[in-house]
Amino acid sequence: MQILNKVDSPTAEIDPNAFLVIDNLSKVYPTPTGSYTVLDGINLTVREGEFICVIGHSGCGKSTLLDMVSGFRQPTTGEVRLQSQVITEPGPDRMVVFQNYSLLPWLSAYENIFLGINSVWPEKPHAEKDQITRDHLAMVGLSEAADKRPGQLSGGMKQRVCIARALALRPQVLILDEPFGALDPITREELQEELLKIWTDHQVTVLMITHDIDEALLLADRLVMMTNGPAAKIGEIMDIPFPRPRDRAQVMESPTYYELRNSALDFLYRRFAHDDVE
Amino acid sequence: MATNISTARNPYATSFGTKVLNSLKNLLPTAVATLILLTIWQLLCSLPGATLPGPIQVVEETWPLIIDPFYRGDGTDQGLFWQLAASLQRVAVGYSLAAVAGVALGVLVGVSTLMFRALDPIFQVLRTVPPLAWLPISLAALKDSQPAAIFVIFITAIWPIIINTGVGVQNIPQDYNNVAKVLKLSKMKYFTKVLIPSTVPYIFTGLRIAIGLSWLAIVAAEMLTGGVGIGFFIWDAYNSGIVSEVILAIIYVGLVGLLLDKIICFIADRVVPAD
């Protein structure tokens, strides 16, 4: 037995009724020079309706971790369970908002959203599917742009359509992989606030990868900080105690904000500083 | 009031006028280059001992063919319109069959790694076979020159369509496939909403290469199979010693080839989804 040190994943007792359970997950890739461990012994229990942000340096396996929740990749050991069901493949109950939008460029904003609704609920009457599509376009403030194709939309608008497409399917978990990374700072702030509002209204469980500590502090209930790869683990989980509903100014004025921010910075840039300078 | 409409101040008329003027400007260099080439040709053919007719002689000798393309005679004695129409008809049949079969095989090879490994090497070998090398086999198999010529078109046109479609399917961005997976799109929806729209630009690249090859092949094939058609017309004119008719036919072949290419481009512009 190896002695557990401080950075080892917290081996919390798993509540059998927990909503989303990541149980002793590891991912190993075989390579010509031997096996390469990306993630090693990840344990995380997420409550229903919780907002989780995952942060860590590039290459630490954050995306691999979320891919195993969404079902795009299979863990080497361990499993991910959503309401006690082991996840084996992608599905609309775990909708993903990809970093590069991934809207189909030949379909309008409306059609992109409708496609998913039509695929998940083929038996619903057309009028109802139409209404769901329009409601979600309205939710992200894009009713006017319904007939525009992704090529005619700005980056922020495209990401709004992606969020609308994902939430229209009433997913149990919303997975966002650095959703705002490609946006300019002003649009990013707007979308963070919009996501915050949508999350408050929908009470959906969110797993979100980010590079931005401030973004995580504004949005998340807990911030999962990953150690560097290979064989990355969960280094620390920070509780973010700001009361809800949150407001950017309010959050930033809180003295706790800087304590938390410094603690996260300390983790990322001192205790687990990346080898190569970015 | 009526005079107002017809004045150049009408913005619609002005933009139309500018358009015509612009296209004339674009055509000017082509016209000048053509004129220079014709002059060189005329000069070369005026040299003592020239074996080919110059442009003026060609026009003089083929004037009846130029002014009466819709002439109807017996057997292969038809106006140039009918000769070209007969060739185009063969191309249309062979090319359409190749388009359907080529896209289907291309999709098959694109979606299935197994099929790609099995079939791609065979395609790579067969596509290098010159079109006319297929003619004896198709004559032997089909026993008739008409279907044999169509088969040659088919087998010439199909390879670029298969290969480009296959590459297009393999190049569907992973993001789109991930979206299809997470939305659990049915096979049918995946085909119509993701695979085909994503592959269409590649398909049209293949179709465009294929139409050019088809037209190249038909002229050669008809020289050997005979009957009404621009290929045999050229061969027949050569055998009758009327080189002017050969030259005129070559010019028509070139113009029709250009037209076919433009038609495919025109359709592609309408069909290929904009970004």
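The values are calculated or read from the model by the stated rules, or taken from the named source; none is laboratory data. Keep in mind it's a predicted model, so treat the numbers as computed, not measured. Note: ideal-geometry Cβ built from the backbone for every residue, glycine included; neighbour counts use all protein chains shown. Note: accessible area is taken over every heavy atom of the protein model, side chains too, but ligands, DNA and RNA are not part of it. Shrake-Rupley method; radii C 1.70, N 1.55, O 1.52, S 1.80 Å.
Inspection of segment B:136-144 finds no residue satisfying the criterion of being part of a helix (DSSP H, G or I) and more than 20 Å from B:ILE218 (Cβ to Cβ).
Within segment A:230-278, being closer than 30 Å to A:TYR36 by Cβ, surrounded by 14 or more Cβ atoms within 10 Å (Cβ to Cβ) and aliphatic (A, V, I, L, M) holds for A:ALA231, A:ALA232, A:ILE234, A:ILE237, A:MET238, A:ALA264, A:LEU268.
Could you list, in sequence order, the residues of segment A:186-241 that are of a type in the set (Asp, Glu) and within 21 Å of A:LEU265 (Cα to Cα)? First the steps, then the outcome.
Taking segment A:186-241 as the starting set, the residues that turn out to be of a type in the set (Asp, Glu) are A:189-190, A:193-194, A:201, A:212, A:214-215, A:221, A:236, A:239.
Hits for segment A:186-241 are A:GLU189, A:ASP212, A:ASP214, A:GLU215, A:ASP221, A:GLU236, A:ASP239.
Is at least one residue of segment A:249-269 of a type in the set (Phe, Trp, Tyr) and modelled with pLDDT under 90? Yes: segment A:249-269 contains one or more residues that are of a type in the set (Phe, Trp, Tyr) and modelled with pLDDT under 90. Checking each residue in segment A:118-132 for being among the hydrophobic types (A, V, I, L, M, F, W, C) and facing another protein chain (nearest Cβ under 9 Å) picks out only A:VAL120.
Residue pairs whose Cβ atoms lie under 6 Å apart, separated by 6 or more positions or on different chains, with the first residue in segment A:85-103 and farther than 12 Å from A:PRO171 by Cα and more than 7 Å from chain B (Cβ to nearest Cβ) and the second of a type in the set (Val, Ile, Thr) and open to solvent by less than 20 Å² (accessible area, probe 1.4 Å), are A:ILE87/A:VAL80; A:LEU103/A:VAL161. Figure legend. Inter-residue proximity from segment B:229-252: first residues more than 17 Å from B:PRO53 (Cβ to Cβ), second residues basic (Lys, Arg), beta-carbon distance below 9 Å, spacing 6+ or different chains. Indicated pairs: B:GLY229/B:ARG90. Within segment A:182-200, the presence of at least one residue that is within 17 Å of the chain's Cα centre (by Cα) and within 14 Å of chain B (Cβ to nearest Cβ) is confirmed.
Considering only residues of segment A:76-90 that are on the phi > 0 side of the Ramachandran plot and outside any strand (DSSP E or B), which is surrounded by the fewest Cβ atoms within 10 Å (Cβ to Cβ)?
From segment A:76-90, those on the phi > 0 side of the Ramachandran plot are A:78, A:83-84; that's our starting set.
Then keep just the ones that are outside any strand (DSSP E or B); that gives A:83-84.
Working: A:GLN83: 13, A:SER84: 10.
Per the criteria, the residue is A:SER84.
Can we say A:PRO75 is free of Cβ contacts under 8 Å to residues at least 24 places away in the same chain and either more than 14 Å from every other protein chain (Cβ to nearest Cβ) or of a type in the set (Val, Ile, Thr) (or both)?
Numbers: free of Cβ contacts under 8 Å to residues at least 24 places away in the same chain: no; either more than 14 Å from every other protein chain (Cβ to nearest Cβ) or of a type in the set (Val, Ile, Thr) (or both): yes.
Criteria not met by A:PRO75.
Scanning segment B:165-197 for residues that are of a type in the set (Ser, Thr, Tyr), facing chain A (nearest Cβ under 8 Å) and surrounded by 18 or more Cβ atoms within 10 Å (Cβ to Cβ) yields a count of 1. Does B:ARG117 satisfy being assigned to a helix (DSSP H, G or I), among the basic types (Lys, Arg), open to solvent by 40 Å² or more (accessible area, probe 1.4 Å) and farther than 20 Å from B:ILE203 by Cβ? Against the criterion (assigned to a helix (DSSP H, G or I), among the basic types (Lys, Arg), open to solvent by 40 Å² or more (accessible area, probe 1.4 Å) and farther than 20 Å from B:ILE203 by Cβ), B:ARG117 qualifies. Any residue that is farther than 20 Å from B:VAL272 by Cβ, basic (Lys, Arg), within 11 Å of another protein chain (Cβ to nearest Cβ) and over 20 Å from the mean Cα position of the chain (by Cα) - is there at least one of those in segment B:128-151? No, because not a single residue in segment B:128-151 is farther than 20 Å from B:VAL272 by Cβ, basic (Lys, Arg), within 11 Å of another protein chain (Cβ to nearest Cβ) and over 20 Å from the mean Cα position of the chain (by Cα).
Per the conditions (1) touching a residue at least 40 places away in the same chain (Cβ under 8 Å); (2) part of a strand (DSSP E or B); (3) more than 15 Å from A:TYR101 (Cβ to Cβ), the sole criterion not satisfied by A:LEU217 is (2).
In segment A:143-178, what count of residues is obtained for those that are part of a loop (DSSP other than H, G, I, E, B) and either open to solvent by 10 Å² or more (accessible area, probe 1.4 Å) or under 29 Å from A:LEU82 (Cβ atoms) (or both)? Quick ask: steps written out before the conclusion?
Within segment A:143-178, the subset part of a loop (DSSP other than H, G, I, E, B) is A:146-149, A:153-154, A:169-172, A:178.
Filter once more, so that each one left must be either open to solvent by 10 Å² or more (accessible area, probe 1.4 Å) or under 29 Å from A:LEU82 (Cβ atoms) (or both): A:147-149, A:153-154, A:169-172, A:178.
Of the residues in segment A:143-178, 10 are part of a loop (DSSP other than H, G, I, E, B) and either open to solvent by 10 Å² or more (accessible area, probe 1.4 Å) or under 29 Å from A:LEU82 (Cβ atoms) (or both).
Give me the pairs: first residue in segment B:152-176 and farther than 29 Å from B:LEU216 by Cα, second residue open to solvent by less than 10 Å² (accessible area, probe 1.4 Å) and assigned to a helix (DSSP H, G or I), beta-carbon distance under 9 Å, and six or more apart or on different chains, which are they? Taking only residues 6 or more apart or on different chains, the pairs are B:GLN170/B:VAL109; B:ASN171/B:THR199; B:ILE172/B:VAL194; B:ILE172/B:LEU195; B:ILE172/B:THR199; B:TYR176/B:VAL194; B:TYR176/B:LEU195.
Considering A:GLY229, A:GLY235, the condition of being in contact (Cβ under 8 Å) with a residue 12 or more places away in the chain, of a type outside the set (Ser, Thr, Tyr) and assigned to a loop (DSSP other than H, G, I, E, B) is satisfied by A:GLY229 alone.
Going residue by residue through segment A:98-119, is there one that turns out to be over 27 Å from B:VAL272 (Cα atoms) and modelled with pLDDT of 90 or more? Step through it out loud before you land on a result.
Here is the first cut: in segment A:98-119, the ones over 27 Å from B:VAL272 (Cα atoms) are none.
No: segment A:98-119 contains no residue that is over 27 Å from B:VAL272 (Cα atoms) and modelled with pLDDT of 90 or more.
Of B:THR156, B:THR128, B:THR165, all but one fail to be under 26 Å from B:PRO201 (Cβ atoms), assigned by TED's automatic domain parsing to the domain that holds B:LEU195 and touching a Pro at 6+ places or on another chain (Cβ under 7 Å); the exception is B:THR156. Restricting attention to segment A:181-203, does a residue exist that is modelled with pLDDT under 90, more than 17 Å from A:LEU103 (Cβ to Cβ), among the polar types (S, T, N, Q) and not in a helix (DSSP H, G or I)? Within segment A:181-203, one or more residues are modelled with pLDDT under 90, more than 17 Å from A:LEU103 (Cβ to Cβ), among the polar types (S, T, N, Q) and not in a helix (DSSP H, G or I).
When segment A:104-114 is limited to residues that are in contact (Cβ under 8 Å) with a residue 24 or more places away in the chain and within 12 Å of chain B (Cβ to nearest Cβ), the one that is nearest to A:LEU207 (Cα to Cα) turns out to be A:ILE113. Within the bounds of segment B:143-153, is there any residue that is more than 23 Å from B:VAL93 (Cα to Cα), surrounded by 15 or more Cβ atoms within 10 Å (Cβ to Cβ), touching an Asp or Glu at 6+ places or on another chain (Cβ under 8 Å) and at pLDDT below 95? So far as segment B:143-153 goes, no, none of its residues is more than 23 Å from B:VAL93 (Cα to Cα), surrounded by 15 or more Cβ atoms within 10 Å (Cβ to Cβ), touching an Asp or Glu at 6+ places or on another chain (Cβ under 8 Å) and at pLDDT below 95.
Go through segment A:116-141 residue by residue and tally those that are among the aliphatic types (A, V, I, L, M) and open to solvent by 10 Å² or more (accessible area, probe 1.4 Å). Write out each step before concluding.
At the first step, the residues of segment A:116-141 found to be among the aliphatic types (A, V, I, L, M) are A:117, A:120, A:127, A:132, A:137-140.
Remaining after also requiring open to solvent by 10 Å² or more (accessible area, probe 1.4 Å): A:120, A:127, A:132, A:138-139.
So the answer is 5.
Scanning segment B:32-88 for residues that are open to solvent by 90 Å² or more (accessible area, probe 1.4 Å), of a type outside the set (A, V, I, L, M), out of contact with any Gly (no Cβ under 9 Å at 6 or more places or on another chain) and part of a loop (DSSP other than H, G, I, E, B) returns B:PRO48, B:THR51, B:ASP74.
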